[in-house]
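Heads up: the structure comes next, in structure tokens.
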Amino acid sequence: MRDDRTTSGTWWGRAAATAGPELLLRLDRRGGRPLRDQLEAELRAAVRDGRLGPGCRLPASRTLAADLGLSRGVVVEAYAQLIGEGYLEARRGSGTRVAAGVSGGDGGGRDHPAAWPAGSGAAGRGPATAPAPAPAAARPGPRIDFRPGIPDLSSFPRAAWAAALRRAALETPAWALGYGEPAGAPALRAALAAYLGRVRGVVAGAGGVMVVGGFSQALALLARVLPGRLGPAVAVEDPGSPGQSGLLERTGLELVPVGVDGEGLRIDELACSRARVVIVTPAHQFPTGVVLSPARRAALLAWARARDGLVVEDDYDAEYRYDREPVGAVQGLAPDRVIYAGSVSKTLAPSLRLGWMVPPAALLPALVQAKHDADLGSPTLEQLAFAELLSSGAYDRHLRRSRARQRRRRDALVAALRRHAPALRVLGTAAGLHALVELPAGCDEAALVRRAAAAGVGLHGLAGHHAPGRATTPGLVLGYAALPETAIADGIRILSGLLE
Ligand SMILES: Cc1ncc(COP(=O)(O)O)c(C=O)c1O
């Protein structure tokens with residue numbers, strides 16, 4: 001590598017492309033300040049401001065010395081000083097690294113990802129040069145966050161995913177690294193058709209499944225394709241997902257909120273609207289957790305036939321059920337009337353942006369065209385890695401383990417609520433990754449959420465899940481999937497103190 005020496009004498013070294021992170025280090029050779037001090041200060045600043053993140057490996061002293069035009073002793077001394085100060089650590093066999101507990105000046109450089117139900121937010125952002133994730137302790141946000149919609153990210157099957165991705169990277173022929181099919185990699189479409197048929201009762205051959213960038217992309221594609229066919233009105237559940245409503249509204253669609261009761265979506269209310277499309281969460285209504293009853297399923301499909309309309313089935317967390325029989329997808333009852341969609345956001349990780357859609361055959365070409373126009377197709381290697389997880393059985397094994405863990409967390413939530421707040425009514429705990437807690441009538445939900453935030457507990461009120469102007473009772477949507485049992489118990493204890 002070569003570096004520039006400026007005419008002013010300030011020397012910008014681009015350190016160690018081969019043996020460590022790319023890093024600009026500024027050394028001024030004119031002034032009297034010793035080069036060792038300057039190097040120390042530059043490295044210290046790089047760690048502090050997050051350009052060198054925790055765990056990041058530094059170049060070998062010999063390499064950095066050669067890159068910067070210094071004697072090796074200067075680099076060795078600078079490293080030793082920073083090790084003494086706790087910025088760096090030296091491990092036998094793995095060289096010098098940024099110490100694990102050191103966080104950058106912006107709190108480790110990580111923003112909290114925001115799930116749909118909790119509102120919008122920036123995606124995760126890490127220090128550009130850091131290969132290791134920032135430690136959880138460096139994250140901003142509430143100490144105990146009951147945000148719904150986030151799975152247990154710490155149990156992401158890293159080893160299985162890495163092995164599958166590695167295999168895809170090594171074995172995929174060169175020609176397959178070009179633009180893929182916009183409908184998705186054939187191997188994944190086939191694996192999904194088999195999986196969805198086996199586990200969810202979805203009726204589809206490989207050719208009927210398309211791969212999308214999560215349920216949100218499915219919605220965005222539908223927002224392009226459906227209005228021309230079925231008009232601009234789209235019915236949504238109320239309470240429902242504010243993220244989805246926002247997305248649909250921003251595309252210019254006219255949202256029609258439809259109430260939900262103990263049997264799920266109110267089909268009588270739906271029938272009074274002029275909508276010909278409805279988005280539902282039949283297996284576990286978001287956020288009430290109600291299962292659409294058999295009678296309502298039949299009524300929903302009868303409505304769709306009578307209206308010559310379509311049902312969009314959001315099967316977002318059906319893999320998680322604890323004390324009840326699995327409920328098959330509505331799509332299996334009427335593949336010509338239902339657009340089935342799901343994603344790995346609750347089972348693996350939202351960051352994969354990987355989902356699927358099974359539309360009625362007549363709609364498929366238009367949706368595939370919209371997908372092509374949006375992004376030319378989802379990334380191929382990730383699709384192939386996921387196809388391997390599905391077909392090898394690794395995904396099933398991961399789901400079984402996750403379900404057992406989530407059940408323990410659900411049990412911890414229910415037990416803590418029973419112990420600390422027995423008067424509260426808790427709904428929707430038989431399945432999913434969140435529960436709905438009804439607050440006492442007259443309770444100021446927003447004030448409670450604010451006071452909990454001040455106490456380090458992130459709560460999410462039910463009010464934000466209703467369309468403006470719709471009647472609402474105070475409540476909390478408690479996501480528990482990402483919280484260890486002890487944190488769940490602590491959080492509920494704090495909540496009950498605030499309620500008193
Ligand atoms: C109701 C509902 N459906 C679907 C999703 C998943 O969206 P995506 O697949 O785009 O991550 C979420 C995410 O939180 C959700 O709350």
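The values are calculated or read from the model by the stated rules, or taken from the named source; none is laboratory data. Source: prediction; values computed, not measured. Don't worry about glycine lacking a Cβ; one is built from the backbone with ideal geometry, like all the others, and counts go over all protein chains shown.
Remarks
- Long-range neighbours under 6 Å by Cβ, at least six apart or interchain, first residue farther than 18 Å from Gly332 by Cβ within the range 358-383, second small (Gly, Ala, Ser) and outside any loop (DSSP other than H, G, I, E, B): Leu381/Ala168; Leu381/Ala169
- Selection status of Leu300, in contact with a helix residue (DSSP H, G or I) (Cβ under 7 Å, 6 or more places away or on another chain), modelled with pLDDT of 95 or more and more than 16 Å from the ligand (Cβ to nearest atom): yes
- The set of residues in the range 75-98 that are surrounded by fewer than 16 Cβ atoms within 10 Å (Cβ to Cβ), of a type outside the set (Val, Ile, Thr) and within 16 Å of Ala46 (Cβ to Cβ) comprises Glu85, Gly86.
- Being outside any loop (DSSP other than H, G, I, E, B), within 16 Å of the ligand (Cβ to nearest atom), under 30 Å from Gly491 (Cα atoms) and at pLDDT 95 or above is a property that Ser345 lacks.
- Failed criterion for Ala295 (all others in (1) surrounded by fewer than 18 Cβ atoms within 10 Å (Cβ to Cβ); (2) of a type outside the set (Lys, Arg); (3) at pLDDT 95 or above; (4) out of contact with any Asp or Glu (no Cβ under 9 Å at 6 or more places or on another chain) hold): (4)
- Matching residues in the range 229-252 - criterion: being within 13 Å of the ligand (Cβ to nearest atom) and more than 22 Å from Thr473 (Cβ to Cβ): Gly246, Leu247, Leu248
- Condition check for Val258: crowded, with 22+ Cβ neighbours inside 10 Å, of a type in the set (A, V, I, L, M, F, W, C) and in contact (Cβ under 8 Å) with a residue 40 or more places away in the chain: no
- Residues of the range 63-89 satisfying the condition of being in a loop (DSSP other than H, G, I, E, B), under 37 Å from the mean Cα position of the chain (by Cα) and not hydroxyl-bearing (Ser, Thr, Tyr): Gly86
- Residue match in the range 364-378 (condition: closer than 20 Å to Leu310 by Cα and part of a strand (DSSP E or B)): no
- Residue match in the range 412-421 (condition: closer than 17 Å to Pro287 by Cβ, buried (at least 19 other Cβ atoms within 10 Å of the Cβ) and at pLDDT 95 or above): yes
- Test result for Arg92, modelled with pLDDT of 80 or more, more than 35 Å from the chain's Cα centre (by Cα) and not hydroxyl-bearing (Ser, Thr, Tyr): no
- Check on Ala218, at pLDDT 95 or above and either within 16 Å of the ligand (Cβ to nearest atom) or more than 30 Å from Glu438 (Cα to Cα) (or both): yes
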